[in-house]
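Colleague: Take this structure first; my questions come after.
The values are calculated or read from the model by the stated rules, or taken from the named source; none is laboratory data. Everything quoted here is computed from the prediction, not taken from an experiment. Backbone-built Cβ (ideal geometry, glycine too); neighbour counts: all protein chains shown.
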């Protein structure tokens, strides 16, 4: 009777931990997908307002000085190229005025331009959200697991329980790593946005435009990095889901759970790589 009681406690404990582990995985998928879909203003309005305030009060005047220098250089080049204005054309002056207007527009609307990229990425993520957020685990798929546990010896169940505890602990550690990586992306976004007026204003100059173009490509890459993260999560969800549906057909239950842990490691590695992949796609460096 004592053995039966211990056996039942172990079986119920293992089932509870397995179901809890799969619930945690499902919650992780939902959290990541919802989190990366946020724009900088959605993620933390207070931080966004602070960064915008710094860019406006500190860097916008500097960008204005840079604009004046760029326009002066362009004017000097225009004069020298036109033989000291002997071959002056009105179209050249109009072009210079348009450049000045574009430069002022870029300084005044830096954050609107940058947020447009994140709005596009958010639309892309929302469009595939229904695919990424499919339920990971159907409780019916675990119906055969309890039956297989009932046929195991107590010592085997104890070993299984301890291994499951270790898997849960490692999965919890990995979840923290994922959270840090995801939040770290927003730190990178805010740091890059804080200096936005300076590189954007260089886009009006022929010699310096590569600086502004690369900055804009970098911001677009950061925006669509969220889309790539959701792709990674979708692949992870599909792999784990397929593996779990076959769990009762495996000889080793823990073998299946360790594979789920391995997929989580792959997810972390993939999320780390999304930044470099996104920059490579959009040609940022």
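Colleague: Hey, among 189, 244, which residue is modelled with pLDDT of 85 or more and part of a helix (DSSP H, G or I)?
Modeller: Being modelled with pLDDT of 85 or more and part of a helix (DSSP H, G or I) holds for just one of 189, 244, which is 189.
Colleague: Regarding the stretch 251-265, can at least one residue be identified that is in a helix (DSSP H, G or I), at pLDDT below 70, within 26 Å of the chain's Cα centre (by Cα) and surrounded by fewer than 16 Cβ atoms within 10 Å (Cβ to Cβ)?
Modeller: No, the stretch 251-265 contains no residue that is in a helix (DSSP H, G or I), at pLDDT below 70, within 26 Å of the chain's Cα centre (by Cα) and surrounded by fewer than 16 Cβ atoms within 10 Å (Cβ to Cβ).
Colleague: Further question on the same structure: Looking at 174, 128, which one is modelled with pLDDT of 75 or more, in a helix (DSSP H, G or I) and either surrounded by 13 or more Cβ atoms within 10 Å (Cβ to Cβ) or more than 31 Å from the chain's Cα centre (by Cα) (or both)?
Modeller: So the residue among 174, 128 that is modelled with pLDDT of 75 or more, in a helix (DSSP H, G or I) and either surrounded by 13 or more Cβ atoms within 10 Å (Cβ to Cβ) or more than 31 Å from the chain's Cα centre (by Cα) (or both) is 174.
Colleague: Do the conditions hold for residue 272, that is, is it surrounded by fewer than 16 Cβ atoms within 10 Å (Cβ to Cβ), in a helix (DSSP H, G or I) and at pLDDT 75 or above? Working first, answer last.
Modeller: Working: surrounded by fewer than 16 Cβ atoms within 10 Å (Cβ to Cβ): yes; in a helix (DSSP H, G or I): yes; at pLDDT 75 or above: yes.
So residue 272 fits the description; yes.
Colleague: Any residue in the stretch 256-275 that is closer than 17 Å to residue 172 by Cα sitting within a Cβ distance under 6 Å of a residue that is modelled with pLDDT of 80 or more and surrounded by fewer than 19 Cβ atoms within 10 Å (Cβ to Cβ)? List the pairs, counting only those 6 or more apart or interchain.
Modeller: As it stands, the answer is 268/177; 271/181, since those pairs meet every condition given.
Yes or no, residue by residue, for (1) in contact with a helix residue (DSSP H, G or I) (Cβ under 9 Å, 6 or more places away or on another chain); (2) over 30 Å from residue 66 (Cα atoms):
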residue	(1), (2)
162	no, yes
170	yes, yes
179	yes, yes
182	yes, yes
185	yes, no
190	yes, no
194	yes, no
202	yes, no
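Here's the yes/no breakdown for (1) buried (at least 20 other Cβ atoms within 10 Å of the Cβ); (2) in contact with a strand residue (DSSP E or B) (Cβ under 7 Å, 6 or more places away or on another chain); (3) under 22 Å from residue 72 (Cβ atoms):
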residue	(1), (2), (3)
187	no, no, no
191	no, no, no
199	yes, no, yes
206	no, no, yes
210	no, no, yes
222	yes, no, no
228	yes, no, no
234	no, no, no
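Colleague: Identify, from the list 119, 146, the residue that is at pLDDT 75 or above and within 40 Å of the chain's Cα centre (by Cα).
Modeller: Result of the check over 119, 146: 119.
Colleague: Also: Tell me, which residue of the stretch 194-215 that is in a helix (DSSP H, G or I), touching a residue at least 60 places away in the same chain (Cβ under 8 Å) and under 18 Å from residue 52 (Cβ atoms) is farthest from the chain's Cα centre (by Cα)?
Modeller: My answer is 201.
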